[in-house]
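The values are calculated or read from the model by the stated rules, or taken from the named source; none is laboratory data. For clarity, every value in this text was computed on a predicted model and none was experimentally measured. Only protein heavy atoms, including side chains, enter the accessible area calculation; ligands, DNA and RNA are left aside. Shrake-Rupley method; radii C 1.70, N 1.55, O 1.52, S 1.80 Å.
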Amino acid sequence: FAPKPTTTPRPTTTRDPLADFCRGRPDGLYENLADKNTYFQCFQGNTYLHHCQPGLVYRDSCKCCDWP
């Protein structure tokens, strides 16, 4: 008897909600409501996560990292 062929199931993929953050948004900086020490930069539909320096928080009013 010939050996039975084996098949491996295809991996399932789910879209990362972070990667879709900038979909449909204009380029710019956006606060991350889940983490005040980080912020998002949207550029050409791509999402980039940036971190403020230790001890600083992102302020949407100035689009900058500032003291809490």
(request) Please state which one of Asp35, Asp16, Asp20 is outside any strand (DSSP E or B) and modelled with pLDDT of 95 or more. (result) Asp35
(request) For region 19-48, name all the residues that are of a type in the set (A, V, I, L, M), open to solvent by less than 60 Å² (accessible area, probe 1.4 Å) and over 9 Å from the mean Cα position of the chain (by Cα). (result) Leu29
